[in-house]
Structure formats: structure tokens, C-alpha cells
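Notes follow once the structure below has been shown.
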Amino acid sequence: MTTAGPQDAVPPLHLPRRTRLLLACAYLLLVVAVVADLVSGPGTTLSPVLAVAPVLAGATTRRARVVLITGAVATLAAGLLELSNRGLPGSVHVSALVTVLAATLASAGNVVLVSAREHELFQVRTVAEAAQRALLRPPPERLGPLRVAVRYVAAAAEARIGGDLYEVAEGPHGIRILLGDVQGHGLPAVETAADVLGVFREAARTEPELARVAERLDSALAGRPVNERFVTAVLLGVDGTGGAARLVNCGHPHPLLRRADRVGELEPPQHAPPLGLLGLLGGQYRAGGFEPRAGDLLLLYTDGVSEARNAAGRFFPLEERLAGLSAGNPEDVLDELLAEVRTWVGDDGLADDAALLALRWDR
């Protein structure tokens, strides 16, 4: 068995277009400097500028030998340029060569260090992806009358996992779906998400009433020895024939229903607190119903989508964009929505984790 080294375990280096353009300009300036040195005569030298060559090489590779080879070529070129400038003091020639050699060694060391850190980060991301697959299981594409699709994007790209959660369960009481958002970030939020999902997977199959499932989730969070976190969530129940659907909203953004290219919010019969706060704020969880039709598409989402901001500080117009999409397939709808969200936020990226779950009734 062969073991992959750090450089083999890291995805290929990808440079943004703007970075590639800047590096190309730097290479062009380097060539101009060398040509200027050749035509300027023996009284001047620009050979120290060749120290830039290994630095530029280090920006475009994660292999130290590439930098060392580039540095050796740059040192040889600097030596040849110095030979053509015999009228200069010897200290000038020596300092030029030392500058190129020092830049080469420093750049090679930097590449080794960056490669090791990227390898470590890649391992962490791999573990995070495995944890996410265990925690957030991909739902089946079809459940009875429903076609299902889900997308999850962590705000921190290096984490690949966060506090948003979802689950789809099928049992004797029909199809039960949960989508939620844990207050806070980091490993404590992931731990809370795991607790909620564990209780939901059991309660969704044993509790006949959807509101009772929400109460079980709330009790599980409120009963933790140390619990400073709450979870906003939407629970959906669909019978096996798809003829009736029930919703419980626990302080979460309202789901959006697209019917015949018109989009509207599904508001609960009464507003209820997030999971974990029912005992503190009072109230109760009540299920509201609606009658789905063939072709209806229901979108559940977290506020990482609806509160995504552009450069001007405006929120992403989710309802408007959902109505304007041409796609009807849940997979395509979510792909197009996420593409529009990424365009909306630009280079700043998402400020919060984002989860979307789309359902379409085929009959």
C-alpha cells in the first residue's frame, strides 16, 4: 500500500483570475527588467530583480523543487548578467547573487510550510465532510408522492459543517421532515444539531401528532444539563398519499410555496418560540394544514439564504427569485437558487450557514 504525501493529498492549486492576471504582469515586468539590463550597457545592473522569479514560482506551485529549479535558473541568469557588467565593484555582483539565492531558499521554505498547512487543513475538511455525512444524511430523491432535494453550504468553507440541520424520515405516520437552524456556530452548535436530529429520528416514527414531535424536541433541548442554545425549526408532515400536509413552525422563517409560478409564504396558525424556549416563553406548538396540489413546490430554508446580503447591504430577494425560476425539478431549483445567492453576495461569500430543502408533489 502506498501512502500519499502532503502534496498528493491536497486538491490542485486553483488561482483566481485576478491573481493570475497580477502574476502575469509581474512576470512581464521581470522580462522587461532583464531586457533593460542587457541593453543598458556595462555601467548598470538590474540582475537583483531576478530574485522575484522564485517568489513568483512559489505563488503558483506547492512543490518546493519547482521553486528550487526556478531559483537555480535565476541565479545562473544573474551570474551571466554580472559577467556582462565587469565595470561594477565585486560587492555588487556578490550581493546580486546572494539576493537571488536568499529569495530562492526563503520561497522554497515558504512553499513547504504552506503545503504542510494545506495538507492539515485538507485532512480536517475530510473529517468534517465524513461527520456531515453521518449527521446530515442525504434524503432519498423520491418519497411516495414527493420528489426531494437538499443543499447545505457552510459559511466557513474550511469547516464544511455548521449548525443548520435537516432530516427526512418515513414511518407509520407518514413522511416527516425537519429543517432547522441552531443558534450560534462552531462545535457546540454541531453538538446541539446532533441531539435534535437523534430525538427527531425516533419521535418522527413514534409520535402520531406532528406538534407532539416538536414538543419532544423542545423537551430534549430544555432538559440538557447545560443548554444556552435554541433551535429555530420547521416540521412538515405528509401522509402516504400526499393528499394532506401539516406544518409546525418553531420560530423559523416561513416556508415558501410555489404554485403555478406564484410564490407565497405558509404562515403558521400561531407563532411559537424556537425549540428549547417553550418553557421559558410559554405558548404551545400547533400544526397548521394545507392541501398540496400536483406540481406544487415547497421550499424550506434557513436565514443564511434569506439574509444573504449584497455589497449594498440588501437582503437576497428569495421569494422573488423563486418565482422567476424556470426550473421545476427540485434539484435544479436549488442549484439555480444557490447560484443566484453566490452571485448576489459576490466575493464576500455567505455570512451564515445555508440549508435549503425543496419538495415537489408529483401527484
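Rounded to the nearest 10 degrees, what's the angle between the helix 210-222 long axis and the longest principal axis of the chain, both from Cα atoms, 0 to 90?
50
With a 10 Å cut-off between alpha carbons and a GNM built on the chain, which of Thr192, Thr232, Thr45 moves the most?
Ranking Thr192, Thr232, Thr45 by mean-square fluctuation puts Thr45 first.
How many angstrom lie between the Cα centre of segment 168-192 and the Cα centre of segment 303-335?
If you average the Cα positions of each part, the centres end up 22 Å apart.
About the Cα centre, and with charges only on the beta carbon of Lys, Arg (+1) and Asp, Glu (-1), how big is the dipole of the chain? Nearest 20 debye, please.
Computed about the Cα centre, the dipole is about 780 debye.
Just one of (1) 94, 46, 44; (2) 64, 41, 37; (3) 61, 55, 33 is Cα extents along the principal axes in Å calculated from these coordinates, so which is it?
(1)
Across segment 163-173, in residue order, what do the Karplus-derived ³J(HN,Hα) couplings come to in whole Hz, using 6.51 cos²θ - 1.76 cosθ + 1.60 with θ = phi - 60° and x for Gly and Pro?
Rounded to whole hertz, the list is x, 6, 8, 7, 7, 10, 10, 10, x, x, 9.
Enumerate the calculated ³J(HN,Hα) couplings along segment 246-257 in order (Karplus 6.51 cos²θ - 1.76 cosθ + 1.60, θ = phi - 60°), each rounded to whole Hz, writing x wherever the residue is Gly or Pro.
10, 10, 10, 10, 10, x, 9, x, 5, x, 10, 10
Around Ala149, which amide H atoms from residues at least 5 apart in sequence, or from another chain, sit under 5 Å from its own amide H, with H modelled in the peptide plane?
Those lying under 5 Å, H to H, from Ala149 are Ala358.
Amide H of Ala245: which non-local residues (sequence gap of 5 or more, or other chain) have their own amide H closer than 5 Å, using H built in the peptide plane?
Phe290
Just so you know, all these numbers are worked out from the coordinates, no wet-lab data involved. Owing to the predicted nature of the structure, the values given are computational and were not obtained by experimental measurement. FYI the Cβ positions are ideal-geometry reconstructions off the backbone, even for glycines, and counts take in every protein chain you see.
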